[in-house]
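Structure record follows, encoded as C-alpha cells.
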C-alpha cells in the first residue's frame, strides 16, 4: 500500500492557467487562489493506492484553526440534497460551533475517519489518570468513489486521519486526483479535489466619529467534486459538455464510460467554505447556501441520489470550548456569561455571497482541470477533461 503525494502530470493546469483571460465573477482571487488563503486554515491531502490499481482513494483534512480542539469557529450548514453524510452536523446546527477537523473521504471510510479524529484527540488530550473527560463530535464528509476504488477493502484507516491532522499546513492545496478526491468522477470526466478563493472589500468597526477603517476579507471554497453528467457541464456559461458529447457522437462514439457509470450511480459534492469575515452562525448558514449558485452554474442539479452538502465557517471570532469538562471548569455552566464578538452587518454582506458562489464555481473547474485520467477498480477508466479541446471551444465563444 502507498499513502503519499503522487507526481503531478505536467499536462494538467488550473483553470486560469488554461484560460488566462477568463473571469469568474467580479472579485479577485487570493494569492494562492485557495482555501489556505484564509489565515489560520490548514489543509493536508493524501492518496491511498493498493491491490494493483484496484484501490484509489484518499483523505483530505481541513483544520479551521491550529487550536481547533479548544477554540471553535462559528459555522453553518446547507443541505441542497441529502443523499450523503456529514457527521457532527446536528451539533453544528444546534450550537453554530465547529470545533473539529473537517475530514473528506469516500463513503465507506466515514467510520475510519471518525475514529481517527478521536484517536488524535486521545493521543494529544487524553488524561492518563482520568481518561476522556472532554467533548468532541468529529466532522466527516464523504462522496462515493466505488467506480474507480474497491470500497470493500476499507483502505482508509484512522492512522491516515491522525497523519492528516498532524501534517496539515498553509501550503497551496493539491488538486484533482488528490486527497479525498482521488477516485472521484465529475460531469463525465475525472473529478476530485479543487479550491479557489476571493478577496472582497470591507470596513472594520466604526469609531466614535462614525469612521471605519478599510479592510479586506477573504472567502474560499474547497470542493470534493463527484457529481453530474457530461451534457450539463458549462464553463463560464459555455456548454462545453454538450459540445464534447456532440463531438463524440459525430465521431461514432457512444457515451463516455464515466457518463454511463453515473447513469447507474450518481455522485455527490461536498463544499467547504471558509472566511475571515466576522459572521455569526446564521450568516454562515446563509453563506453555505450560496455554494448552490456556483454548483448550478457548472451544471449541478442535485439529482435524487446525489449528496450535495455545504459547510461554511468563519475564523474571525475565537470561541472558547472545553471550558466545562469532567476534570475542570473554567466557567460556571449555570451562570450565563457574555462573550465579545464581531459580526457583519447583514445589509453589507452581498459581496461575500457573490464570492462564495464564484469561489465554489471555480473550485469545481480546478478539480476538473487538474484531474488526471485514471484506470482503477475492475479496469474502469475515466478520462480527464481534454484541456486542448477546452481551449478551442472557449476560443470560439470568447
Quick count over region 26-52, residues being crowded, with 18+ Cβ neighbours inside 10 Å and over 30 Å from residue 321 (Cβ atoms), is 6
Exactly one of 134, 91 is under 19 Å from residue 271 (Cα atoms) and either surrounded by 17 or more Cβ atoms within 10 Å (Cβ to Cβ) or at pLDDT 95 or above (or both), and that residue is 91
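Could you list all residues from region 260-289 that are in contact with a strand residue (DSSP E or B) (Cβ under 8 Å, 6 or more places away or on another chain) and assigned to a loop (DSSP other than H, G, I, E, B)? Lay out the reasoning, then the answer.
Within region 260-289, the first condition is being in contact with a strand residue (DSSP E or B) (Cβ under 8 Å, 6 or more places away or on another chain), and the residues that meet it are 261-262, 267-289.
Across region 260-289, the qualifying residues are 267, 276, 277, 278, 279, 280.
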Cβ pairs under 7 Å, 6+ apart or interchain, first in region 78-105 and free of Cβ contacts under 8 Å to residues at least 40 places away in the same chain, second in a strand (DSSP E or B), ordered by first then second residue, are 93/77; 100/139
Given the conditions (1) touching a residue at least 24 places away in the same chain (Cβ under 8 Å); (2) farther than 17 Å from residue 357 by Cα; (3) surrounded by fewer than 21 Cβ atoms within 10 Å (Cβ to Cβ); (4) in contact with a helix residue (DSSP H, G or I) (Cβ under 9 Å, 6 or more places away or on another chain), every one holds for residue 254 apart from (1)
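Restricting attention to region 10-20, which residues are modelled with pLDDT of 95 or more and surrounded by fewer than 18 Cβ atoms within 10 Å (Cβ to Cβ)?
Keep residues of region 10-20 that are modelled with pLDDT of 95 or more, which gives 12-20.
Within region 10-20, 13, 17, 20 qualify.
Take residue 318 and decide whether it is surrounded by fewer than 22 Cβ atoms within 10 Å (Cβ to Cβ) and under 29 Å from residue 81 (Cα atoms). Steps first, please.
Working: surrounded by fewer than 22 Cβ atoms within 10 Å (Cβ to Cβ): yes; under 29 Å from residue 81 (Cα atoms): no.
No.
Take region 204-259 and flag every residue that is assigned to a strand (DSSP E or B) and either within 16 Å of residue 361 (Cβ to Cβ) or modelled with pLDDT under 90 (or both).
So the first thing to find is which residues in region 204-259 are assigned to a strand (DSSP E or B), and the list is 214-226, 235, 238.
Of everything in region 204-259, those that are assigned to a strand (DSSP E or B) and either within 16 Å of residue 361 (Cβ to Cβ) or modelled with pLDDT under 90 (or both) turn out to be 219, 220, 221, 222, 223, 224, 225, 235, 238.
Does residue 155 meet the test of being in contact (Cβ under 8 Å) with a residue 12 or more places away in the chain, under 29 Å from residue 14 (Cβ atoms) and either surrounded by fewer than 23 Cβ atoms within 10 Å (Cβ to Cβ) or out of contact with any strand residue (DSSP E or B) (no Cβ under 7 Å at 6 or more places or on another chain) (or both)? Explain how you work it out, then say what you get.
Working: in contact (Cβ under 8 Å) with a residue 12 or more places away in the chain: yes; under 29 Å from residue 14 (Cβ atoms): yes; either surrounded by fewer than 23 Cβ atoms within 10 Å (Cβ to Cβ) or out of contact with any strand residue (DSSP E or B) (no Cβ under 7 Å at 6 or more places or on another chain) (or both): no.
Here the answer is no, as residue 155 does not meet what is asked.
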Within region 186-227, the count of residues that are free of Cβ contacts under 8 Å to residues at least 40 places away in the same chain and on the phi > 0 side of the Ramachandran plot comes to 1
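Output yes when any residue across region 34-42 is under 18 Å from residue 116 (Cβ atoms), outside any strand (DSSP E or B) and out of contact with any helix residue (DSSP H, G or I) (no Cβ under 6 Å at 6 or more places or on another chain), and no when none is. Spell out how you get there, then give the answer.
Initial filter on region 34-42 (under 18 Å from residue 116 (Cβ atoms)): 42.
Still in the list and also outside any strand (DSSP E or B): none.
Taking every residue of region 34-42 in turn, none turns out to be under 18 Å from residue 116 (Cβ atoms), outside any strand (DSSP E or B) and out of contact with any helix residue (DSSP H, G or I) (no Cβ under 6 Å at 6 or more places or on another chain).
Would you call residue 301 surrounded by fewer than 24 Cβ atoms within 10 Å (Cβ to Cβ), within 22 Å of residue 221 (Cα to Cα) and touching a residue at least 12 places away in the same chain (Cβ under 8 Å)? Even if it seems obvious, please write down each step before you answer.
Values: surrounded by fewer than 24 Cβ atoms within 10 Å (Cβ to Cβ): yes; within 22 Å of residue 221 (Cα to Cα): yes; touching a residue at least 12 places away in the same chain (Cβ under 8 Å): yes.
Yes; evaluated as a whole, the condition is true for this residue.
Condition first: within 27 Å of the chain's Cα centre (by Cα) and without any contact (Cβ under 8 Å) to a residue 60 or more places away in the chain. Now tell me which residues in region 321-366 satisfy that.
Those that are within 27 Å of the chain's Cα centre (by Cα) and without any contact (Cβ under 8 Å) to a residue 60 or more places away in the chain: 345, 350.
Could you tell me which of the residues 55, 103 is within 17 Å of the chain's Cα centre (by Cα), under 30 Å from residue 263 (Cβ atoms) and buried (at least 24 other Cβ atoms within 10 Å of the Cβ)?
Working: 55 fails: within 17 Å of the chain's Cα centre (by Cα).
Being within 17 Å of the chain's Cα centre (by Cα), under 30 Å from residue 263 (Cβ atoms) and buried (at least 24 other Cβ atoms within 10 Å of the Cβ) holds for just one of 55, 103, which is 103.
The values are calculated or read from the model by the stated rules, or taken from the named source; none is laboratory data. Computed from a predicted model, the values in this text were never measured in an experiment. In this analysis, Cβ positions are derived from the backbone assuming ideal geometry, glycine residues included, and neighbour counts consider all displayed protein chains.
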